[in-house]
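Input: a single structure, listed below in structure tokens.
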Amino acid sequence: MENNYSSLEEKFQAKIDAEIKIEPKDWMPDKYRKTLIRQISQHAHSEIVGMLPEGNWVSRAPSLRRKVALLAKVQDEAGHGLYLYSAAETLGIDRDTMYEQLHSGKAKYSSIFNYPTTSWADIGAIGWLVDGAAIMNQVPLCRCSYGPYARAMVRVCKEESFHQRQGFEILLNLSKGTPEQQRMLQDAVNRWWWPSMMMFGPPDADSPNTALSMKWRIKRFTNDELRQKFVDVCYEQAKTLNVTLPDPDIKWNEDRGHYDYGEIDWTEFWQVVKGNGPCNKQRLDTRRKAWEDGAWVREAALAYAEKKQTRKIQQSKVA
Amino acid sequence: MNSNWPLWEIFVRSKQGLSHKHVGSLHATDEEMAIQNARDVYTRRNEGISIWVVESKHITASNPDEGESLYDPANDKVYRHPTFYNLPDEVKHI
């Protein structure tokens, strides 16, 4: 039996090494399944909770153009959540269980959404930095070894590009605006920069699961590799916005061919992960309330579907 | 809290002349709602002109573990491919 298991695992690894995707009904190690369920469902939760900070500004968007774009973006986030929940379901977890894990606080979502959106410029900064960091993370996931996850990510990435561009455009407008608007822009970047840097997760040295995820090709780059790419890209983009990244230690390193950057405050990161961020409670309360307030809609829709079905059967009997 | 609506598999025809392709799944109470939800989830950017929905439980799939024996009969039938037949180079349009 032991022998049999290890040969299954060897076959599985050989497929991964040959870049052959794993599909739902294929044999996979338990740990691979569990890792993916955790990662995909957390990713889905992040998309769903991610609607909340932005929803805050839908009714106060400064123009109709901005409003329709923000609405479309928030709708996309809901769609991304749904693609991802359905990918997770192919691994044998059902939707209600995932919702329950989110609402009970058992499951995590990206900590970035536990920060408040206090000005319109934040909507721009989220698009530029938060979606920018998300894209850095997500593009390699399009080549993830698990087929349904990879396919969901292809759709997500195609749509995410509009999100980032609309954010950048908001900031670009502010950068050409009044001194007060320029201050708003700088203030938003100051507040969102470090939390965005933390989105890539703990440093490689403190990320014990990375090695296995790389071996299984769930991950293609380490947290620090992706973070470095992000810094390199943002530093250049910030010049167009005429804005300063709030890190006095950022400077070009000729030897490495990358920008060096300052120390990240991991104490803050772990505090927010543990539930002590500025908006953790508010986000979860809002999610739970939406779920509970929607209960009657779910029940009514089921009752209506049953009624229609019964009527159909009766009619076919009469006929 | 068992409110789980049935799961549906969604197939989208992206344009006239192509076949429907599986794009993912979603939950809905019945086929009508499944089509409406599929429109919102999978065709927000004109990805489709026709949608099929099938309740997931109605799909029977082949077992990947039996893949070898299932497809084995085709493996040794090279004569099913045009290149199996030897023709001189001067024969054209064939």
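The values are calculated or read from the model by the stated rules, or taken from the named source; none is laboratory data. Source: prediction; values computed, not measured. Because the Cβ atoms are built from the backbone with ideal geometry, glycine has one as well, and the counts that use them run over all protein chains shown. These area figures cover heavy atoms from the full protein model, side chains too; ligands, DNA and RNA do not enter into them. Shrake-Rupley method; radii C 1.70, N 1.55, O 1.52, S 1.80 Å.
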### Task
Sort out the exposed loop GluC sites (Glu not before Pro) in chain A (DSSP loop, at most 10 other Cβ within 10 Å) and tell me the longest stretch that has none.
A:20-253
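Greater than 24 Å separation of Cα atoms is the criterion. Which listed pairs, A:Lys25/A:Lys108; A:Lys21/B:Lys15; A:Lys289/A:Lys312; A:Lys229/A:Lys274; A:Lys158/A:Lys251; A:Lys31/A:Lys215, meet it?
Values: A:Lys25/A:Lys108 27 Å; A:Lys21/B:Lys15 27 Å; A:Lys289/A:Lys312 35 Å; A:Lys229/A:Lys274 27 Å; A:Lys158/A:Lys251 32 Å; A:Lys31/A:Lys215 13 Å.
Long pairs (Cα-Cα over 24 Å): A:Lys25/A:Lys108; A:Lys21/B:Lys15; A:Lys289/A:Lys312; A:Lys229/A:Lys274; A:Lys158/A:Lys251.
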### Options A:Ile20, A:Ala188, A:Val68, ranked by Cα towards positive dipole end of chain A, top entry (Cβ charges)
A:Val68
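Please give the net charge around A:Pro248, taking every other residue with its beta carbon less than 13 angstrom from that of A:Pro248, where Lys and Arg add +1 and Asp and Glu add -1. Don't skip to the end; give the middle numbers.
Working: positive: A:Lys251; negative: A:Asp247, A:Asp249, A:Asp260, A:Glu263.
Net of charged neighbours comes to -3.
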### Task
Determine the distance separating the Cα centre of region A:59-136 from the Cα centre of region A:159-173; give it in Å without decimals.
15
#### Entry: Spin-label model distance (nm) - A:Val68 vs A:Glu268, 7 Å beyond Cα toward Cβ
3.8
### Summary
Per principal axis, largest first, the Cα atoms of chain A extend in Å by 75, 56, 33
#### Entry: P(r), alpha carbons of chain B - 10 Å bins starting at zero, rounded %
13, 27, 20, 20, 13, 5, 1, 0
### Query
Rounded to the nearest 500 deg cm²/dmol, what is the calculated helix-only ellipticity per residue at 222 nm for the protein assembly as shown, with -39500 (n - 2.57) per DSSP H run of length n ≥ 4?
-18500 deg cm²/dmol
### Task
With only Lys, Arg, Asp and Glu charged, each at its Cβ (+1 for the first two, -1 for the last two), find how big the charge dipole of chain A is about the Cα centre; round to the nearest 20 debye.
1520
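Using only atoms on other chains, find how many Cβ atoms lie within 10 Å of each Cβ of peptide B:19-28 and report the average. Can you show the working numbers first?
Details: counts 0, 0, 0, 1, 5, 12, 8, 6, 8, 2.
Other-chain Cβ atoms within 10 Å of each residue's Cβ, averaged: 4.
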### Message
What are the ³J(HN,Hα) couplings of region B:43-48, residue after residue, when phi is run through the Karplus curve with 6.51, -1.76, 1.60 and θ = phi - 60°? Round to Hz, x for glycine and proline.
### Response
9, 6, 10, 6, 6, x
### Task
Express the accessible area of region A:32-176 per residue in Å², computed with a 1.4 Å probe while the remaining protein chains stay in the model.
34
### Task
At 1.4 Å probe size, with no ligands or nucleic acids counted, give the accessible surface of A:Thr118 in Å², nearest ten.
90
